[in-house]
Amino acid sequence: MKISLVVKHLIVLLSISFLVSCQTNNNRIINFPATDLQSEHIIPKPLKIHSVGGGFALDEFTKINCVEDKAFLDAAHFLQNKIEDKTGLITPINTNREDAEGIIVINKISKGLNTKPEAYQIQITSDSLILSAKNASGIFMGIQTLRQIIPRLSIDTLANTPIWVIPSGKIIDEPQFEYRGAMLDVSRHFFSVEDVKKFIGVLSYYKYNALHLHLSDDQGWRIEIKSWPKLTEVGGSTEVGGGPGGFYTQEQYSDIVNYAASHHMMIVPEIDMPGHTNAASVSYPFLNGNGKEIELYTGTHVGFSTFDTRKDSVYQFIDDVIREIAALSPSPYFHIGGDESHVTKKDDYIYFVNKVEKLVQQHGKQMIGWDEIATADVDNTSVAQFWRSKDNAQSAKDKGMKIIMSPAKKAYLDMQYDSLSKHGLHWAAYIPTDVAYNWSPENYEEIPIENILGIEAPLWSETISNISELEYLAFPRAIGYAELGWTTQENRDWKNYKKRLANQVEYLDEMNVHYYKSPLIDWK
Ligand code: TNX
């Protein structure tokens, strides 16, 4: 075994130099993967990459050697499945450390890495591929990198069995921001559990760690609340355009939460209030505070609904809703919306946000709200999501709050690419693929980087009603936002990114993602 491994590694080394030097003379070889780790098309771009030439041969003898730790082993199984999907190889996982060559090692280390929980390192030589991190989430992020550098094509001619060559070198990586999210509005149009899972799978490939679900709005209430069943029976029964709507049962919601967790992503639930509450108030009219007779709404206007903010029973209701959702949510955050409450008096709005913040905290969660919440007397433990108002963002900063960057002009996935886009709105801007990438969350609207928790790209669904339309707006832009959240500013460059993006076609096609073929990209 030892001798055959040595021979195999020699073959790999020789064949790599041979391939590189023969590229121009031999058409069969020209398609083989590059063996320079630096020029791999990794998104988001890692902090540091050193290439050394040569490569690790993944083949039918490769095993995974994993530290004995449940969460690390779960990650090892995830890798095993992805290797099988891509190459057909079955890589056995073991926890003893006997094999020294031809192995992928998943290592837990306590020193030598930055303190960020998602930091990881990959050391690739002809003998072994060693993936190290302090936490399973770091290992998982490293696995996503690894998936991107395992070539699709094997070399079948130079050894007895096919080999997939992974370029040698070292990757040292960690995220710039701890929160890297996307948002999906399942209220204006409902999306199935399967659709949401598909979205999660692709987002996690690009190292997102949060999916914010906008679970309620004027047009629909989308999560079962056992103590208030009409919310979904009545409030979940339609959507924009008058379609059938829908909702997640608590079991289905937990299924989404667990699926996300297995991808090291959290689900951030949002119940939007006191505005954007028509669906709730139609279900339980005592909640309504706009003084009008109301009915189910299937249009797209905003700002006409409000809860009655001065009734105790309204807070009893909200307490129940937060309790039931918090019990299903491992995420530390609960999003209360708080945007565009145009028919709530200013004093009532402030009174409301102050009270609801306390309820969220009583259920053990940190409150997030759209930037308007910074006009209330909120704690510095609450988080403001900047979408439109610089003044609100500055108030949030003055209160010592953390801010999630989602400026509509740059980061809204529901904005059209250009005037020809099939779906989307353009009230904030047209956002072509380069504009989506070419801005700096690190220094936008004078918000200091110390206050920035991360970035999030919201996808509102007034104009989209199925997964292909969702993907048309989300991709490729969401891939760029992944890089803005993970990669430092010095390491970002549109020209270089554009090439890496062009090479995502293989993955996106394989995942059957209906991305928008932006003419700015030379798609491979
Ligand atoms: C504004 S962004 C809204 C949403 C709409 C979106 C459409 C925000 C906090 N509120 O209610 O869906 O514009 O782009």
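Counting DSSP beta bridges in the chain, what percent are antiparallel, to the nearest 5? Counting only bridges with both partners in the chain, antiparallel ones make up about 30 percent. Taking amide H as placed 1.01 Å from N in the peptide plane, residue 248 has its amide H under 5 Å from the amide H of 223, 224, each at least 5 places away in sequence or on another chain. Taken over the C-alpha atoms, the range 421-517 has Rg and Dmax values of 14.4, 41 angstrom. Here residue 377 and residue 502 are evaluated by their C-beta separation; at R0 = 51 Å the FRET efficiency comes out at 0.55.
FRET efficiency for the residue 233 to residue 310 pair, using the beta carbon distance and R₀ = 35 Å, is estimated at 0.80. The fraction of accessible area contributed by carbon and sulfur in the chain is 51 percent, rounded to a whole number (1.4 Å probe; ligands and nucleic acids excluded). Of the DSSP H helices in the chain, those that are both long (alpha-carbon extent of 15 Å or more along the helix axis) and hydrophobic (Kyte-Doolittle mean at least -1.0) are 2-22, 70-87, 136-149, 193-205, 250-261, 312-327, 346-362. The smallest convex shape that holds all Cα atoms of the range 179-510, its convex hull, gives 121 Å³ per residue. Counting charges near residue 41 (Lys, Arg +1; Asp, Glu -1) among other residues having Cβ under 10 Å from its Cβ returns a value of +2. Along the axis of the charge dipole computed for the chain (Cβ charges of +1 for Lys and Arg, -1 for Asp and Glu, origin at the Cα centre), the listed residues 37, 291, 364 are led at the positive end by 37.
Here the chain is treated with +1 on each Lys and Arg Cβ and -1 on each Asp and Glu Cβ, and its dipole about the Cα centre works out to around 1300 debye.
The packing ranking of peptides 508-515, 215-222, highest mean first, is 215-222, 508-515, where packing means the average number of other beta carbon atoms within 10 angstrom of each residue. Residues whose amide H lies under 5 Å from that of residue 220, counting only those 5 or more places away or on a different chain, are 279; hydrogens are built 1.01 Å from N in the peptide plane. Within the range 275-373, list the trypsin sites (Lys or Arg not before Pro) lying in a DSSP loop whose Cβ has at most 16 other Cβ atoms in a 10 Å radius. Of the trypsin sites (Lys or Arg not before Pro), the ones in loops of the range 275-373 whose Cβ has at most 16 other Cβ atoms within 10 Å are 292, 310, 311, 345. With K and R counted +1 and D and E -1, the other residues having a Cβ less than 9 Å from that of residue 324 yield a net charge of 0.
Taking all protein chains into account, the per residue accessible area for the range 253-396 stands at 38 Å² (1.4 Å probe). Phi-derived couplings, Karplus 6.51 cos²θ - 1.76 cosθ + 1.60 at θ = phi - 60°, listed residue by residue for the range 292-309: 10, 6, 10, 9, 4, 10, 10, x, 10, 6, 10, x, 9, 10, 7, 6, 7, 7 Hz, with x used for Gly and Pro. Within the shell defined by Cβ-Cβ distances under 9 Å, the residues around residue 277 carry a net charge of -3, with Lys and Arg each +1 and Asp and Glu each -1. Placing dummy labels 7 Å off each Cα toward the beta-carbon, the span from residue 346 to residue 258 is 4.9 nm.
Here each label is just a point 7 Å from Cα along the line to Cβ, and for residue 249 and residue 82 those points are 3.2 nm apart. Residues whose amide H falls under 5 Å from that of residue 105, counting only those 5 or more places apart or on a different chain, are 65, 129, 130, 131, with hydrogens built in the peptide plane. Once you have a ≥ b ≥ c as the square roots of the Cα gyration tensor eigenvalues for the range 125-234, tell me rounded if a/c is under 1.5, and otherwise prolate or oblate according to whether a/b is larger than b/c. Note, shape of the range 125-234 comes out prolate.
The values are calculated or read from the model by the stated rules, or taken from the named source; none is laboratory data. As the structure is a prediction and not an experimental result, all values here were calculated from the model. Cβ atoms come from the backbone with ideal geometry, glycine included; neighbour counts cover every protein chain shown. These accessible areas exclude ligands, DNA and RNA; they are computed on the full protein's heavy atoms, side chains included. Shrake-Rupley method; radii C 1.70, N 1.55, O 1.52, S 1.80 Å.
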